[in-house]
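Each remark here refers to the structure printed beneath this line.
The values are calculated or read from the model by the stated rules, or taken from the named source; none is laboratory data. Only a predicted model underlies this, so the values are computations on that prediction, with no experimental measurement involved. Neighbour counts run over all protein chains shown; Cβ positions are idealised from the backbone, glycine included. We work out accessible area using only protein heavy atoms, side chains counted, and drop any ligands, DNA or RNA first. Shrake-Rupley method; radii C 1.70, N 1.55, O 1.52, S 1.80 Å.
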Amino acid sequence: MEEIRISPDYNWFRSTVPLKKIIVDDDDSKVWSLYDAGPKSIRCPIIFLPPVSGTAEVFFQQVLALTGWGYRVISLQYPVYWDLLEFCDGFRKLLDHLQLDKVHLFGASLGGFLAQKFAEHTHKSPRVHSLILCNSFSDTSIFNQTLTANSFWLMPAFMLKKIVLGNFAKGPVDSKMADAIDFMVDRLESLNQGELASRLTLNCQNSYVEPHKIKDLAVTIMDVFDQSALSHEAKEEMYKLYPNARRAHLKTGGNFPYLCRSAEVNLYIQIHLRQFHGTRYAAINSDMVSAEELEVQKSHLVNSANDQ
């Protein structure tokens, strides 16, 4: 099976981290699926949001590595939501259910767009402390599908899968990227018509991020220099939107660098989260951070406060 080819760690992940199912809406057909790993004493974990084709499993390499370093990590899969307000309301209820006040969000493609919209939606009573946006976008009009967005719900599953597969890399790729694509195709096959249609609707219905509402967030933009579903213009728009963001560039990695370039991606996530060590928004157990590093972080925080 593709799952074994991509990494022997996947079977280990499936056997050691339990999948939880949580309902927070009045409609009990709306089920959040998630993996919650690492120390539960951490109140500001990092949460991973998948792309259109993804499930909670696609971030298994991040869950294993980051929890090994002492972080609390949640990787989730959305229920069927047809509009952004409904998604934001459901996600807020999920955080309430998990008793999480603020969180760090890592979003891939659609997941990154939803992360930005949720941060924007909750800006008056912030629930997001920082963002890592991987191969993501800020305006759905880049896909030129806003007119068809309202008809995805009518399409059969095979047609929706064909639309999604059209964005997967074509042509020669290295073996790790080929395995990542196989894995994502397998995940795509596990999604039903409603899940796919609703995600494509969120991905394409007319909407854009309002940056003035989230300008104070710490942001890292992660993207690849090789072929991905994102155009050069979409990437440039992200840089303009977040001029102070850290940039994490990967030479290669295609659409799914968190699978095929996991070591690099995990390192960039660690670098992003390190700025919060020693604060109440640390996603890591303080016992796993050296005294020297905590001292450096505290002096950095003091200097930042003095500069303001």
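Couple of notes before you dig in:
- When Leu160, Leu147, Leu95 are screened for being at pLDDT below 95 and out of contact with any helix residue (DSSP H, G or I) (no Cβ under 8 Å at 6 or more places or on another chain), only Leu147 passes.
- Taken over the stretch 266-289, the residue count meeting the criterion of being open to solvent by less than 60 Å² (accessible area, probe 1.4 Å) and out of contact with any Gly (no Cβ under 8 Å at 6 or more places or on another chain) is 13.
- Filter result for Val52 (within 13 Å of the chain's Cα centre (by Cα) and either part of a loop (DSSP other than H, G, I, E, B) or β-branched (Val, Ile, Thr) (or both)): yes
- Residue ID - nearest to Ile132 (Cα to Cα), chosen from residues in the stretch 54-77 that are among the aromatic types (Phe, Trp, Tyr) and buried (at least 21 other Cβ atoms within 10 Å of the Cβ): Phe59
- Search result, residues across the stretch 205-240 that are in a helix (DSSP H, G or I), open to solvent by less than 50 Å² (accessible area, probe 1.4 Å) and at pLDDT below 90: Pro211, Ala234, Lys235
- Meets criteria (closer than 17 Å to Ala108 by Cα and in contact with a Leu (Cβ under 6 Å, 6 or more places away or on another chain)) for Leu196: yes
- In the stretch 262-283, residue farthest from His249 (Cα to Cα) [restricted to those that are charged (D, E, K, R) and without any contact (Cβ under 8 Å) to a residue 60 or more places away in the chain]: Arg274
- Taken as a whole, the condition of being in contact with a Phe, Trp or Tyr (Cβ under 6 Å, 6 or more places away or on another chain) and modelled with pLDDT of 95 or more does not apply to Ala37.
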